[in-house]
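The values are calculated or read from the model by the stated rules, or taken from the named source; none is laboratory data. Note that the coordinates shown come from a computational prediction; the quantities given were computed from them, not determined experimentally. All Cβ positions, glycine included, derive from the backbone under ideal geometry; neighbour counts span all protein chains shown. Note: accessible area is taken over every heavy atom of the protein model, side chains too, but ligands, DNA and RNA are not part of it. Shrake-Rupley method; radii C 1.70, N 1.55, O 1.52, S 1.80 Å.
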Amino acid sequence: MDELIRGLDQLTQEMLDRLPDAVYEELEDFVEERQILVDSIAEKVAICPASVAQMREIERILGHDAALLARMNALRLEAQDFLQKRSQAKMQRSAYESAYTPESFLMDRKK
């Protein structure tokens, strides 16, 4: 189990080192790899309870979750903002394009 905990620690440290520049694909890969390690650790703990030192090490590693979640949330907000801007631009474009027929005339009136 110590090897799995070291692997989890190494994976977490590598992601923390590149976290400010990490794109969502990297975070997605990290989460998938991390889940595999966490599931393996949980299986080992079910068979043989973890020692106090192992539990402290796991808690220390999990202490970095706030930074990881903050970066994931920042990427989520960035994507949400992009989608809203894109949707708004699409609505504005469609308002100009779809309402006119080719045979119509546009008449302006001078005030």
The stretch 56-85: number of residues that are of a type in the set (A, V, I, L, M), open to solvent by 60 Å² or more (accessible area, probe 1.4 Å) and within 17 Å of Leu8 (Cα to Cα)
3
For the stretch 11-66, what are the residues that are in contact with a Lys or Arg (Cβ under 9 Å, 6 or more places away or on another chain), part of a helix (DSSP H, G or I) and over 30 Å from Glu78 (Cβ atoms)?
Glu57
